[in-house]
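The values are calculated or read from the model by the stated rules, or taken from the named source; none is laboratory data. Since the model is a prediction, treat every value here as computed from it, not as a measurement. No Cβ is skipped: glycine too gets one built from the backbone with ideal geometry, and neighbour counts run over all protein chains shown. These area figures cover heavy atoms from the full protein model, side chains too; ligands, DNA and RNA do not enter into them. Shrake-Rupley method; radii C 1.70, N 1.55, O 1.52, S 1.80 Å.
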Amino acid sequence: MGAARGFGVDIGGSGIKGCEVDLEAGALAGERLRIPTPSPSSPEAVADVVAEIVERFGWSGPLGVTLPAVVKRGVAHSAANIDKAWIGTDAAALFAKRLGRPQGDVVVLNDADAAGIAEINYGRTDDREGVVVLLTFGTGIGSALFLDGQLVPNTEFGHLEIDGHDAETRAAASVKEEEDLSWEDWARRVSRYITGLENLIWPDLIIAGGGVSKKADKWLPLLDVRTKVVPAQLRNDAGIVGAAVAARQVTGA
């Protein structure tokens with residue numbers, strides 16, 4: 001008997017990545033395929049890329065797909081770093097039709113929620129108790145909220161207003177690069193943001209994800225916050241893994 005397998009596709013503003021996933025190990029079962037996100041990133045154009053990735057792997061089972069959007073019952077209600085035409089689109093129905101699958105075979109969820117699901121299931125075993133928040137620092141700030149390991153979906157904590165600003169416009173990893181901030185200067189902004197979040201929900205643990213988590217040693221020690229902050233374990237594979245897990249949880253296949 002082989003390991004239980006699933007499939008996940010992670011849609012981002014610059015790239016769409018997919019791979020078969022080993023659901024026992026919580027790891028990619030091979031080399032992922034990445035295709036640049038089409039411009040414009042309309043629903044139809046993105047669906048074509050998702051279909052290309054799935055077909056290249058020859059995957060015929062249920063699959064999970066992430067979107068940088070609030071997703072409720074398969075429908076996108078926002079659009080971050082993708083075309084605004086996604087708002088109001090039944091993404092699950094769109095992907096299922098493009099793939100020629102029953103709609104129930106395609107699970108669509110928020111990208112940060114998917115990353116959080118991966119971390120909660122396959123990260124540190126002591127990261128599951130109480131109120132846990134995953135924050136993904138990238139182009140913006142994504143968030144996933146868990147209570148005793150159970151997801152509270154579609155939080156948008158990256159858009160908290162901090163000192164009169166949308167938080168991600170001040171503290172996203174992209175801002176560090178755009179403004180050429182030192183690690184110290186950027187960490188002060190992240191600390192201010194996390195303090196605002198702490199005062200709102202009083203988390204027991206914060207998991208720092210996104211590409212910048214690979215350099216956690218350069219900035220996590222600089223944070224001045226009261227909550228324990230740890231780096232994410234699955235890094236850039238988390239969205240793909242979490243999408244595959246979500247599909248397994250929903251479809252039972």
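Results, tabulated for the structure shown:
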read-out: Whichever residue in the range 53-76 is touching a Gly at 6+ places or on another chain (Cβ under 9 Å), without any contact (Cβ under 8 Å) to a residue 60 or more places away in the chain and of a type outside the set (Phe, Trp, Tyr) and, among such residues, is nearest to Gly104 (Cα to Cα); value: Val75
read-out: Residues of the range 198-213 that turn out to be among the hydrophobic types (A, V, I, L, M, F, W, C) and without any contact (Cβ under 8 Å) to a residue 24 or more places away in the chain, as a count; value: 0
read-out: Filtered residue count, the range 10-39, keeping only those that are β-branched (Val, Ile, Thr) and in contact with a Ser or Thr (Cβ under 7 Å, 6 or more places away or on another chain); value: 3
read-out: Residues located in the range 5-16, provided they are open to solvent by 30 Å² or more (accessible area, probe 1.4 Å) and either in contact with a Leu (Cβ under 7 Å, 6 or more places away or on another chain) or assigned to a strand (DSSP E or B) (or both); value: Arg5
read-out: Verdict on Thr195 being among the β-branched types (Val, Ile, Thr), farther than 21 Å from Gly8 by Cβ and free of Cβ contacts under 8 Å to residues at least 12 places away in the same chain; value: no
read-out: Residue tally, condition small (Gly, Ala, Ser) and on the phi > 0 side of the Ramachandran plot, over the range 179-221; value: 1
read-out: Any hit, the range 172-186, residues being at pLDDT 95 or above, of a type in the set (A, V, I, L, M, F, W, C) and out of contact with any helix residue (DSSP H, G or I) (no Cβ under 8 Å at 6 or more places or on another chain); value: no
read-out: Restricting the range 101-132 to residues that are assigned to a strand (DSSP E or B) and more than 12 Å from the chain's Cα centre (by Cα), the residue that is surrounded by the fewest Cβ atoms within 10 Å (Cβ to Cβ); value: Val131
read-out: Condition met for Ala144 (of a type in the set (A, V, I, L, M, F, W, C), under 22 Å from Trp186 (Cα atoms) and either without any contact (Cβ under 8 Å) to a residue 12 or more places away in the chain or in contact with a Leu (Cβ under 8 Å, 6 or more places away or on another chain) (or both)); value: yes
read-out: Residue list for the range 221-233, filter: part of a loop (DSSP other than H, G, I, E, B) and surrounded by fewer than 22 Cβ atoms within 10 Å (Cβ to Cβ); value: Leu223, Asp224, Val225, Arg226, Thr227, Lys228, Gln233
read-out: Qualifying residue in the range 73-88 (condition: part of a helix (DSSP H, G or I) and open to solvent by 10 Å² or more (accessible area, probe 1.4 Å)); value: yes
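Conditions tested, residue by residue: (1) assigned to a loop (DSSP other than H, G, I, E, B); (2) of a type in the set (S, T, N, Q); (3) under 14 Å from Gly239 (Cβ atoms); (4) open to solvent by 30 Å² or more (accessible area, probe 1.4 Å).
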| residue | (1), (2), (3), (4) |
| --- | --- |
| Ala25 | yes, no, no, yes |
| Ser41 | yes, yes, no, no |
| Glu52 | no, no, no, yes |
| Trp59 | yes, no, no, yes |
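So that you can scan it fast, the table gives a plain yes or no per residue for (1) open to solvent by 80 Å² or more (accessible area, probe 1.4 Å); (2) outside any loop (DSSP other than H, G, I, E, B):
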residue: Thr155; (1), (2): no, no
residue: Val175; (1), (2): no, yes
residue: Glu184; (1), (2): yes, yes
residue: Ser191; (1), (2): no, yes
residue: Gly196; (1), (2): no, yes
residue: Ile207; (1), (2): no, yes
residue: Asp217; (1), (2): yes, yes
residue: Gly239; (1), (2): no, yes
residue: Val250; (1), (2): yes, yes
